[in-house]
Amino acid sequence: MTMIVPSLSPSAHAALVARLEDLQAQRVQTAIESIPPGGAGDAADHAGNVEALIRLGELDARIAALQVQLQAPIATAEAAPQAAEIGSLVTLRFADDEEDQQFLIGLVEQAGPGVEVITPTSPLGAVLLGSRPGDQLTYRVASGTSLTVTLVEIAG
């Protein structure tokens, strides 16, 4: 069976790299905080140490997941997606809003400064996958309300 490896747009790759660097910096700081005190400490010192070790484990898992994602090839300008896919940076216009907003279709771990993420399993993410610029999409939110959004652009 042939396996198709999705590519990342250059902007999605840059967002992943920025998020990875942020998580690695957090890990360094957390590692420093997890160093046990030189001698005896009270219960609060030890509890803080345990919390820091748990946080290290969480950060390590998120870093590993991002490193796997970054192994995907980077799409070239000629290979920019014509339809929205995981890793696409999309510009949307919501029916009740006059300003366009930019989002990355991907995992929460891909969020970073200035990059909001729409997960592909969310109602909006599900209708975006496979859509093309100019498409008007309607989706239902948890309250049952239907919302409409227009896919303005897919950045490569």
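The numbers here are math on the coordinates, done by the rules we state, and not lab data. Values in this document were obtained by computation on a predicted structure and should not be read as measured data. A quick note on method: Cβ atoms are made from the backbone with ideal geometry, for glycine too, and the neighbour counts reach across all protein chains shown.
For the range 77-155, a crude dipole built from +1 on the beta carbon of Lys and Arg and -1 on the beta carbon of Asp and Glu, taken about the Cα centre, is about 300 debye to the nearest 20. Backbone amide hydrogens, once placed in the peptide plane, bring Leu8 within less than 5 Å of Ile74, Ala75, excluding anything fewer than 5 places away on its chain.
Couplings for the range 89-99, taken from phi via the Karplus curve 6.51 cos²θ - 1.76 cosθ + 1.60 with θ = phi - 60°, read 9, 10, 10, 10, 10, 7, 4, 8, 10, 8, 9 Hz in order; Gly and Pro are left as x.
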